Amino acid sequence: MKLKILLTGKTGQVGRELDRLLPQLGEVVALDRQQLDLARPAEIRRIIREVQPGLIVSAAAYTAVDLAEKEEAIARAINADAPAVLAAEAKKVGAALVHYSTDYVFDGSKRTPYEEDDPPNPINAYGRTKLAGEQAIRESGVPHLIFRTEWVYAKQGRNFLLTILKLATQREELRIVSDQIGAPTSSRAIAHATIQILVQIFAPGPKRPSWPDVSGTYHMTAAGQASWYEFAKAILEQASQADAKSAWLAAATAARPLIAQRIIPIPSLEYPAPARRPAYSVLSTARLAKTFGVQLPDWRTQLHRLFSET
């Protein structure tokens with residue numbers, strides 16, 4: 001029987017890529033925010049009971065980190081309460097659940113990559129709500145994969161890559177935080193890694209991993225690390241060499257030339273934001289590599305590939 005997959009958040013950064021790739025695994029029912037409002041538990045239950053999926057891939061989330069400081073109740077409804085409902089309903093219909101979480105479940109006090117079993121200690125509302133979502137999924141007992149990722153960017157949506165490209169058409173000097181360290185990760189790399197893993201689990205054959213053996217939390221990020229300042233520099237280096245007629249790049253810059261001449265590194269204190277960010281949130285991906293043999297490329301390689309694509 002063909003696997004039936006329910007995908008939430010199909011127009012998000014990761015969801016858009018998953019919508020393109022998941023059909024190779026089975027029949028996909030992909031929904032956006034208008035079709036499935038995760039803030040409405042009854043709607044979640046109705047959709048899952050109607051679709052009767054064998055796999056739910058939850059790529060929808062409340063991701064406005066600063067706004068979450070004022071809207072924590074809304075963020076919690078989407079990032080914590082909705083995953084709890086998804087997990088409970090998935091268990092009832094016999095489905096497995098794939099969910100994406102964040103590096104912001106950690107406080108940034110380490111100086112070596114965080115491992116999955118390190119104690120979480122979120123320092124902002126977004127991180128608290130995402131951690132609560134993780135915990136709800138684990139406590140439900142549903143077969144699951146929780147993929148923590150970080151600094152996600154894509155050609156569409158709202159993200160650091162597109163912000164830098166826009167600002168570079170407006171200002172000659174950019175001042176970028178240099179004391180926050182993470183691993184910039186493209187949505188396409190996350191989606192490809194997810195598919196590689198799901199193919200292993202759902203492919204027919206005696207050697208495929210079983211859910212009891214692999215169910216759990218994994219870090220899924222680019223190799224390497226960078227500051228926001230280093231990431232911004234790399235973005236503008238790639239943009240200066242890219243084909244300006246590329247449709248996505250032209251859209252990102254509104255077809256205007258890049259005029260930024262200087263990028264100045266600044267401490268976080270000079271760029272106050274409503275939400276605190278971890279100073280260091282690099283995630284160790286050793287468990288992902290050991291369990292599934294999957295490793296995402298270095299962040300610079302991912303960025304180069306994005307600019308090389310038409």
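Every number here is computed from the coordinates shown, using simple stated rules; none is lab data. Just so you know, these numbers come straight off a predicted model, no measurement behind them. FYI the Cβ positions are ideal-geometry reconstructions off the backbone, even for glycines, and counts take in every protein chain you see.
Taking Rg/Rh (Cα atoms, Kirkwood Rh) as calculated from this structure, the corresponding entry among [x] 0.96; [y] 1.05; [z] 1.02 is [x]. Taking amide H as placed 1.01 Å from N in the peptide plane, the amide H of Val98 sits under 5 Å from that of Ile56, Val57, Ser58, Leu145, each at least 5 places away or on another chain.
Peptides 208-219, 171-182, 258-269 ranked from most to least packed by the mean count of surrounding Cβ atoms within 10 Å: 171-182, 208-219, 258-269. Highest-first packing order for the peptide set 238-244, 24-30 is 24-30, 238-244, based on the mean count of other beta carbon atoms within 10 Å. Comparing Ile197, Ala242, Ile176 along the charge dipole axis of region 173-291, the residue lying farthest to the positive side is Ile197, per the Cβ-charge model. Bridge orientation summary for region 134-274: considering DSSP beta bridges with both residues in this region, about 15 percent are antiparallel. If both residues of a DSSP beta bridge must be in the chain, then about 5% of such bridges are antiparallel.
Distance between the pseudo-spin-label points of Gln156 and Thr291 (7 Å out from Cα toward the beta carbon): 3.0 nm. Compared with the dominant principal axis of the Cα atoms in the chain, helix 125-140 is inclined by about 20°. The stretch between Glu270 and Ala64 holds 72.1 nm of extra length on full extension. This uses 0.36 nm per residue minus the Cα-Cα distance. Relative to the longest principal Cα axis of the chain, at what angle does helix 82-93 sit, 0 to 90 degrees, rounded to 10? It is inclined by approximately 30 degrees.
Just to confirm the number: angle between the C-alpha axis of helix 187-202 and the first principal axis of the chain, 0 to 90 degrees, nearest 10? For helix 187-202, the angle is close to 20 degrees.
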